[in-house]
1. For the range 82-100, indicate whether the set of residues that are over 30 Å from Ser244 (Cα atoms) and of a type in the set (S, T, N, Q) is non-empty.
2. Do any strands (runs of 3 or more DSSP E) entirely within the range 226-302 hold 3 or more residues that are within 23 Å of the chain's Cα centre (by Cα), and if so, which?
3. Which of (1) closer than 23 Å to Leu94 by Cβ; (2) crowded, with 21+ Cβ neighbours inside 10 Å does Ile230 not meet, given it meets every other one?
4. Return yes or no: is Glu24 in a helix (DSSP H, G or I), surrounded by 10 or more Cβ atoms within 10 Å (Cβ to Cβ) and at pLDDT below 90?
5. Please find, among Met62, Met85, the residue that is farther than 24 Å from Leu259 by Cα and at pLDDT 95 or above.
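The values are calculated or read from the model by the stated rules, or taken from the named source; none is laboratory data. Quick caveat: nothing in here was measured; it's all calculated off a predicted structure. Quick reminder, even Gly has a Cβ in these numbers, built from the backbone with ideal geometry, and neighbours come from all protein chains shown.
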Amino acid sequence: MESLYSKLYDKYTKLKAKKFQELEKPNKDQEITFMNYVTAAEELIEHLRNEKERLNVQVNEMRNEVNSLRAKANEQLLECQDLLMEDNQKIKELKEENERLLKLQREGLLCPAKDSDMLQLDASEDDQTRPENNMTVRPSEKAKMQNVSHSGFSDEGFGHADPATIGQSGKELTFNEASAGSRMPECCRKINISSDGGGNKIEPANCLYQVLIESLVGMKLSASNELHGICISALHESSGYTFSLTWVRRAGKKEAELLYRVISLGTLTRVAPEWMREEIMFSINMCSLFFERVTRFIRLNH
């Protein structure tokens with residue numbers, strides 16, 4: 001009996017061990033599968049964490065870029081507002097300057113422009129109204145020229161209108177109108193036409209010479225006969241800068257000269273140099289240099 005019990009116990013033990021092995025194998029397979037899932041989940045979590053950090057960095061960069069663009073846009077807005085205010089101020093100054101010039105023209109202080117805006121002389125009318133060819137400067141003109149101060153516009157050919165160097169006793173400035181009228185082209189003169197027995201004075205067509213000169217100097221020009229010579233007014237429309245050039249002759253000199261007087265500096269008042277504010281006398285040969293300096297200054301400062 002004892003040997004039988006021993007055999008049964010051994011058989012039971014083997015069956016039990018075999019049963020445990022059969023039950024343990026699925027558990028190990030499930031454990032391996034679970035560990036694989038855990039590892040994959042951890043890898044995915046780590047990947048998502050890294051992706052989150054990368055996206056956070058990208059979001060911060062984009063936020064900084066947006067802030068920078070917003071700051072630049074604000075700066076551009078302020079700059080545009082400043083430019084708009086400056087333009088409005090310039091427009092206001094130009095309107096005031098235009099009103100002042102119109103007032104001066106109404107008062108007769110500015111060389112009046114003709115209806116056709118051209119240089120027009122009537123030689124026969126000058127011969128009837130002026131028995132003498134040489135005209136003298138009024139005392140008021142002499143007093144104006146005595147107020148001229150020295151400045152930096154000291155190139156050869158340019159000089160200040162000094163009455164002591166021009167002449168004495170009210171005979172400083174003279175002008176030969178008959179010779180000037182004879183040299184004037186036909187398109188710049190007034191023409192008398194009598195169609196029905198009466199003399200009708202007709203303005204000529206636009207003077208081609210004046211149109212050409214205006215396009216070269218970039219200014220509007222007008223001219224009139226003054227007591228001491230032809231007065232040419234030049235106007236730079238965008239800045240309001242206006243000046244006059246008077247064709248004069250010094251006593252004892254053959255060649256005529258130009259007398260520069262500023263009428264208004266317009267918007268160039270704060271930046272204009274001294275030579276633009278004073279009266280200057282220069283020869284005809286220096287006229288091209290004078291306009292070159294004026295146009296270059298306006299181009300750089302307006």
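1. The answer is no, given that none of the residues of the range 82-100 is over 30 Å from Ser244 (Cα atoms) and of a type in the set (S, T, N, Q).
2. By residue number, 229-236, 241-250, 257-264.
3. Failing condition for Ile230: (1).
4. Yes; evaluated as a whole, the condition is true for this residue.
5. Sole residue among the options that is farther than 24 Å from Leu259 by Cα and at pLDDT 95 or above: Met62.
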